[in-house]
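Taken together, the values in this text are just the output of simple stated rules run on the coordinates, not laboratory data. Since this is a predicted model, take the numbers as computed values, not measurements. Methodologically, a virtual Cβ is constructed for each residue, glycine included, from the backbone with ideal geometry; neighbour enumeration extends over all protein chains shown.
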Amino acid sequence: MTENLDHYISRHIRRVYRRRLISPILYLIILTALWLILPLYDILFPQNLDGIDNLSSYSNTHSSYVTAELNDLYFTGYTNNSFGRTNGYYYYTLQNKKCMIVLLSPRTCEEGLPQIDSVRIRGRVLKGNTAYDALLDRLSQDLNWTKEGISQKTSGYFISEPAFRLVSSTLLMGIYLATGAYALIRLLLYILYICLPALSPACRKLRLYGKPSAMLSQAEEELATLPQLATEDMFITEHYFIVLANYGVAIVPIQEIIWIYKYSTLHKILWHHFSISYTLHITANKHLYIQCPKNMKSDIDGIIDYLSEANHEILVGFNEENRLKVKQKTRQLRHPFIFIRRKE
């Protein structure tokens, strides 16, 4: 018995958090794959557009996101519309005897300014589509050019500011970075708890009653040498009630427990009743609350009997009188500290 239960709490904490490592690791792997597949880096850090002569070199999905400083933009008189809504305004600028078409968002161009001296935008380099070809055809008519002539002066690509989708891209990157940071923090914390079980949340809660590391050592020593009562995942030592469940750990000094009761749940499918499960509820001083679900009635009854004998001040059973007594005793504590064991 002594050998099997030596440092049993610490070993169980390590097992719990080793299992929990799986989800943040998988999530970080998925984020890494998305970073490689999707142009997330290019959205976050778009390239600076060097000039209008080589727009085709930015046509790749990952390189199409650019920032550009544009000068002397002139409104073409044409807009890009979708479902009755104006998405952008077509402008052109001349550089090195070349003409570049730019689709600006309504906010940037103030819904169609005739001329813009200088503007810096984030946009995407897109290959000309049907709407772009129609625009060039109309421009050639307005300028008394031939379609072939204007095609020689313009690129087959244009810059679209609305295509950058700044709001949705910012939201996407915010979610990506926030969830990635959360997963990384959880991963580092789990590794920390595996290396130093005394820093895990279950042990830190012992700070409510004393020095966590000393109380953990005492609980482990008592559990290893002479446990008073043991079920599948609940243990009682001389001074502690200990829960070592598959998904967590709880350690409570017996003298701090103020209320215990059991609650039964009837499980059924349609009209057929097939089982009853029992949950042990424990309330301790300073609003420490524990649930131990899905246990056998005999195990819970044994735990309740032993704890009530070990601490005669513990209230036993759920009733209104006990609830009011517990409320009266703890009413001055404003910030509840709750531990809930997850169901298996």
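List of remarks:
- For segment 43-124, the list of GluC sites (Glu not before Pro) that fall in a loop by DSSP and count at most 13 other C-beta atoms within 10 angstrom reads Glu110, Glu111.
- Of (i) 52, 50, 44; (ii) 80, 49, 39; (iii) 102, 45, 44, the label for Cα extents along the principal axes in Å derived from the coordinates: (iii)
- Debye, to nearest 20: dipole size of the chain, +1 on Lys, Arg Cβ, -1 on Asp, Glu Cβ: 420
- With respect to the chain, whose longest principal axis is taken over its alpha-carbon atoms, helix 297-310 is tilted by about 70°.
- Relative contact order computed over the chain (Cα-Cα under 8 Å; 6+ residues apart), in percent: 15
- Pairs from the table (Lys297/Lys329; Lys98/Lys127; Lys286/Lys325) lying more than 20 angstrom apart at Cα are Lys297/Lys329.
- Between helix 212-225 and the chain: long-axis angle, C-alpha atoms, 0 to 90°, nearest 10: 50
- Separation of alpha-carbon centers, segment 65-103 and segment 1-60, rounded to whole Å: 38
- Gyration tensor verdict on segment 215-329 (Cα atoms; rounded if a/c is under 1.5, prolate if a/b is larger than b/c, oblate otherwise): oblate
- Helix 166-195 vs. the chain, principal-axis angle (Cα, 0 to 90°, nearest 10): 30
- Net charge dipole, segment 30-124: roughly 200 debye, given to the nearest 20, about the Cα centre with Cβ charges of +1 for Lys and Arg and -1 for Asp and Glu.
- Cα gyration tensor shape for segment 196-251, rounded if a/c is under 1.5, else prolate or oblate: oblate
- Measuring nothing but how far apart in sequence close Cα pairs (under 8 Å, 6+ apart) lie, relative to its length, segment 25-83 scores a relative contact order of 30 percent.
- Computed lengthening from Tyr247 to Leu44, 0.36 nm per intervening residue step minus Cα-Cα distance: 69.3 nm
- Under the criterion of Cα pairs below 8 Å and six or more residues apart, the relative contact order for segment 181-338 equals 15 percent.
- In terms of packing, defined here as the mean over residues of other Cβ atoms within 10 angstrom, the peptides 76-86, 187-197 line up highest first as 187-197, 76-86.
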